[in-house]
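First the structure, in the form of structure tokens, and then the observations on it.
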Amino acid sequence: MHHNVLGPAAIRWRSAFQKYQDGNVQYGQRYGSGSFHHNIVIGTGDLFVEFFPTLVDGDPRQASDKVSFTNNYFSDSSLGGVYTHAIDTGVTIEFSKNVFRGFRFNYESVYPDTKAPVQVFGVGSNSPNPHLFLDNQFEADFPFLLYSFPSVTAENNEQVEVPPVRFRKFMGPEIEQDVRRLEWWTSAATLSPDGRAVTYPKGAFVMHQGVLYRALKENAGLPPDEAPDVWEPLPDPADDVRLAEDSPQRGLGVRWPPATN
């Protein structure tokens, strides 16, 4: 899987269909090898990637099975980065030459017991699957990996400033600076234990009934299509997610002619 733009994801995280169902990439692996590279992954509630090794009797697993995530861009999370579960399939899991940025913790506004993240990458406790973390870059106030196990090899993962990508014409610069500013309008955080009301600050962006709106003032409980003095309807976003000529992180995402490898 390569050269895609995945997002903005999880805009309905305050009223998702089920608790914690607000990530971006869920990757399941039973046997064999796979490669996820040169993708742009933007926006998530809890995780950019959740990796599920899945053990099924009779699958033809081999010692050479490997799943690699390389040369990808991950940006804008309300919580963490990546988590791999500890089911033993023997697969080697590699994350190399990726960049991670945009960690802005506000997940507790829906799930109040959530603690702030302490690492970009979480490995399931004592996972026997080999993990390789090589030459990744990340911009965060916490380390790339805090809890390690004998199965983990981590080298040259740098904490540096990571500039954001720039698209040719997509959601507009205000949203693209932090796509977590864009949400599906809801009057209440239905998955919070107390079903708390949602207050939108001035300048918030929401989607409601297929229309993009900007908040003209702080408000709560006012459907955008019924409150023109509070919500300003905006033109439909464009849909050119190719990177601009001057964008950092060149060579990623959608390209024309399409990339072949």
(request) Would you point out the residue of the stretch 89-99, among those that are assigned to a loop (DSSP other than H, G, I, E, B) and either more than 18 Å from the chain's Cα centre (by Cα) or outside the structural domain of Val118 (by TED's automatic domain parsing) (or both), that is surrounded by the fewest Cβ atoms within 10 Å (Cβ to Cβ)? (result) Gly90
(request) For residues that are in contact with a helix residue (DSSP H, G or I) (Cβ under 8 Å, 6 or more places away or on another chain) and not in a strand (DSSP E or B), scanning just the stretch 73-88, find the one that is nearest to Val5 (Cα to Cα). (result) Ser78
(request) Could you please give the count of residues in the stretch 238-252 that are part of a loop (DSSP other than H, G, I, E, B) and crowded, with 16+ Cβ neighbours inside 10 Å? (result) 3
(request) Mind listing just one residue for me: the one in the stretch 100-112 that is assigned to a helix (DSSP H, G or I) and of a type in the set (Ser, Thr, Tyr) and, of those, surrounded by the most Cβ atoms within 10 Å (Cβ to Cβ)? (result) Tyr107
(message) Filter the stretch 198-233 down to the residues that are assigned to a strand (DSSP E or B), within 25 Å of the chain's Cα centre (by Cα) and hydrophobic (A, V, I, L, M, F, W, C) and list them by number.
(response) Phe205, Val206, Met207, Val211, Leu212, Ala215
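Of everything in the stretch 113-151, what is hydrophobic (A, V, I, L, M, F, W, C), part of a strand (DSSP E or B) and surrounded by 18 or more Cβ atoms within 10 Å (Cβ to Cβ)? Give them in sequence order.
Phe121, Val123, Phe133, Phe138 - these are the residues of the stretch 113-151 that are hydrophobic (A, V, I, L, M, F, W, C), part of a strand (DSSP E or B) and surrounded by 18 or more Cβ atoms within 10 Å (Cβ to Cβ).
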(message) Test of understanding: among Val56, Val82, which residue is surrounded by 14 or more Cβ atoms within 10 Å (Cβ to Cβ), in the same structural domain as Tyr27 (by TED's automatic domain parsing) and aliphatic (A, V, I, L, M)?
(response) Val82
(request) Collect the residues in the stretch 90-132 that are touching a Lys or Arg at 6+ places or on another chain (Cβ under 6 Å) and of a type in the set (S, T, N, Q), keeping them in residue-number order. (result) Thr92
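The values are calculated or read from the model by the stated rules, or taken from the named source; none is laboratory data. Owing to the predicted nature of the structure, the values given are computational and were not obtained by experimental measurement. All Cβ positions, even for glycine, are placed from backbone atoms using ideal geometry, and neighbour counts span all protein chains on display.
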